[in-house]
Amino acid sequence: MNDKTKIIGALVIGAIAGAAIVKLLETDEGKELVDKAKDKAKSAADEIKTKISQLEGQLAELLKIEEDPNPTNQA
């Protein structure tokens, strides 16, 4: 197979795959699939934001402890 044949084959396969995806997304089932994916992505983003906030709090506490390791022993 020469390079031109490979390129044409890849383009044909890409076009078929693209057409199949468009056809799927036009159906009610496809729209439902997209909605579920959006919901899962939003849920994952919310979980990540929550975890980042928790880690920021923990880091702030660690930095506070490191800056003042013995606050009751001040002279």
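What follows is calculated from the coordinates using simple rules that are stated; it is not laboratory data. Small disclaimer: the values here were computed from a predicted structure and weren't measured. So basically every Cβ, Gly included, is an ideal-geometry build from the backbone, and we count neighbours across all protein chains shown.
Remarks
- By the rule of a C-alpha distance below 17 Å, with chain neighbours fewer than 8 residues away ignored, the aspartates and glutamates paired with Lys64 are Glu56.
- Once the chain from Glu56 to Ala37 is taken as fully extended at 0.36 nm per residue, the excess over their C-alpha distance is 4.0 nm.
- Summed over qualifying helices (DSSP H, 4 residues or more, each -39500 (n - 2.57)) and divided by its residue number, the chain shows a 222 nm mean residue ellipticity of -31000 deg cm²/dmol.
- Partners for Lys36 among lysines (Cα-Cα distance below 30 Å; same-chain residues under 8 apart left out): Lys23, Lys49, Lys51
- Between Lys64 and Leu11, the modelled label-to-label distance comes to 6.4 nm, taking each label 7 Å out from Cα in the direction of the beta carbon.
- Between helix 3-26 and the chain there is an angle of about 70 degrees, using the helix long axis and the longest principal axis of the Cα atoms.
- Local net charge near Val12, Cβ-Cβ under 13 Å (Lys/Arg +1, Asp/Glu -1): +2
- A cut-off under 15 angstrom between Cβ atoms defines the neighbours of Gln54, and their net charge, with Lys, Arg +1 and Asp, Glu -1, is -2.
- Summed side-chain charge close to Leu24 - residues other than Leu24 whose Cβ falls under 12 Å, Lys, Arg +1, Asp, Glu -1: -2
- Ratio Rg/Rh [Cα only; Rh per Kirkwood] for the chain: 1.50
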